[in-house]
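The next block holds one structure in the form of structure tokens; read it before the comments.
The values are calculated or read from the model by the stated rules, or taken from the named source; none is laboratory data. Note that the coordinates shown come from a computational prediction; the quantities given were computed from them, not determined experimentally. All Cβ positions, even for glycine, are placed from backbone atoms using ideal geometry, and neighbour counts span all protein chains on display.
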Amino acid sequence: MGAAAVCLLAGYAVTGQKSRMVTEADIHRATPIPDRIILTWAGDPATTAAVTWRTDTTVDTAVAQIAVAEDGPGFVKKSKTVNAVTDKATDHYHSLTFTGLQPDTQYVYRVGDGANWSDWNQFQTAAAGPAPLEFIYVGDAQNDIYSLWSRLIRNGFTEAPKARFILHAGDLANRGVVDYEWGEWHAAAGWINRSIFAVPTPGNHEYPAGEDKTRKLTPYWRRQFTLPGNGVSGLEETNYWFDIQGVRIVSMNSNERQKEQGEWLDKLLTNNPNQWTILTFHHPILSTATGRDNKALREMWQPVFDKHRVDMVLTGHDHTYGRSNVASGTSGMKGGTVYVVSVSGPKMYNLEWAPWMQRAAEDTQLYQVIRVDGKQLRYEARTARGMLYDAFTLTKSKGRPNKLTNPRLPHREHFRSAEEKAALAREAAERKAAEEKKKTAK
């Protein structure tokens, strides 16, 4: 440490000044400079790309520029300008969809108002037909997102830098109507959101209760995500599907109108040309945490999954980890689905072990990397440190359920001891008592 620094610190100690805590609202306040830039799809991943961003209310003109990527800066002069539409909420949210893109091609783009621009960001369109596919799946980020979720999502990128998209299985934020929590979510992933497409599905925390006690989708959802509107009417951008490189990805909204979605899914999968089908929604039909069974949802949806031999179902909500084998079907159907419940953020629940679980964990932040290549699907679940915790390979078998092969993994089951659980229960009871005491004092 240099002399100047020592003097500065000494002066600080003498004056007795205290650091001022900057509020979350100030940290995540909008400016004229584009922020919260995120790539999604609203159409075919091979020929389109959607981008959404935010500015303050002084910005009324919103445009983007796009060009095919080159090895040097010459693409700048060849870029095309596309106008965006603006949602004039408390802040301004701008969105557009690039169309007419070439499959399996790298593009560069930037967004702004014509005077103030973001940096140039790069992405790659999907291949036009079946091709090897890699993506990342994460459960609930939800709490302490910037401080404790950021390392996990960044580690996920280092493990799978060629991932086409990141699938978020709900509860991206804890309070879906609080702006700065969304600011934390965007800041945690940072530029990753600008180059790797996001595929989010809403959780119950994206459905906060209003003054009338009814739960409604947060307005932030559609302001900041531009997603397909091809699901059940009225559930646009929460219940949707797209095909990518031989895989059909379906987002189900488990918060409302579940029966209609089950009927819709049955029709959607009846003439599915893809070799693989992967679903995501928030509330698991096979639960991992104590007292959180979703029997009604299971009875509505699992027969449809079994009928169409859905390959994988990726969920969150229970803040623990559980993964099935190739699950047997219901009602005499053939089935063959692998069910996964996972959590990527720091909020943890107690695991309630059940016979359906082939691998389970609690108190463990995880991300999953899924790779599909022809008749094989390879799955890895890794901890926030990047340690391999779970893995398997699915192989397509004509006329039969998929064959699941588990590699030999170190026996590293992550479970709390009875003493740890008792201590956590005491701490929770003490916190609740302290909160009640504060309320009484007021």
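Annotations
- Residue in region 355-370 that is basic (Lys, Arg), in the same structural domain as Leu286 (by TED's automatic domain parsing), assigned to a strand (DSSP E or B) and without any contact (Cβ under 8 Å) to a residue 60 or more places away in the chain present: yes
- Verdict on Gln142 being surrounded by 22 or more Cβ atoms within 10 Å (Cβ to Cβ) and farther than 19 Å from Ser344 by Cβ: no
- Residue within region 70-84 that is under 27 Å from the mean Cα position of the chain (by Cα), part of a loop (DSSP other than H, G, I, E, B) and of a type in the set (D, E, K, R) present: no
- Residues of region 61-72 include none that is out of contact with any Asp or Glu (no Cβ under 9 Å at 6 or more places or on another chain), hydroxyl-bearing (Ser, Thr, Tyr) and surrounded by fewer than 17 Cβ atoms within 10 Å (Cβ to Cβ).
- Residue in region 246-254 that is more than 24 Å from Val177 (Cβ to Cβ), modelled with pLDDT of 95 or more and not aliphatic (A, V, I, L, M) present: yes
- Candidate set from region 82-106 (those that are among the aliphatic types (A, V, I, L, M) and without any contact (Cβ under 8 Å) to a residue 40 or more places away in the chain); member that is farthest from Ile66 (Cα to Cα): Val85
- Of all residues in region 189-199 being touching a Leu at 6+ places or on another chain (Cβ under 9 Å) and hydrophobic (A, V, I, L, M, F, W, C), the one that is farthest from Thr158 (Cα to Cα): Val199
- Of the listed requirements (1) in contact with a strand residue (DSSP E or B) (Cβ under 8 Å, 6 or more places away or on another chain); (2) in the same structural domain as Val340 (by TED's automatic domain parsing); (3) under 25 Å from Ile33 (Cα atoms), Trp120 misses just one: (2).
- Taken together, the residues in region 169-224 that are aliphatic (A, V, I, L, M), farther than 16 Å from Ala50 by Cα and buried (at least 18 other Cβ atoms within 10 Å of the Cβ) amount to 6.
- Qualifying residue in region 289-300 (condition: at positive phi and modelled with pLDDT under 95): yes
- The residues of region 85-124 that are among the β-branched types (Val, Ile, Thr) and part of a loop (DSSP other than H, G, I, E, B), listed by number, are Thr90, Thr99, Thr105.
- Residue tally, condition at pLDDT below 95 and either touching a Lys or Arg at 6+ places or on another chain (Cβ under 8 Å) or hydroxyl-bearing (Ser, Thr, Tyr) (or both), over region 199-244: 4
- Filtering Ser95, Ser79 for residues that are within 26 Å of Thr218 (Cβ to Cβ), of a type in the set (Ser, Thr, Tyr) and in contact with a strand residue (DSSP E or B) (Cβ under 8 Å, 6 or more places away or on another chain) leaves a single hit, Ser95.
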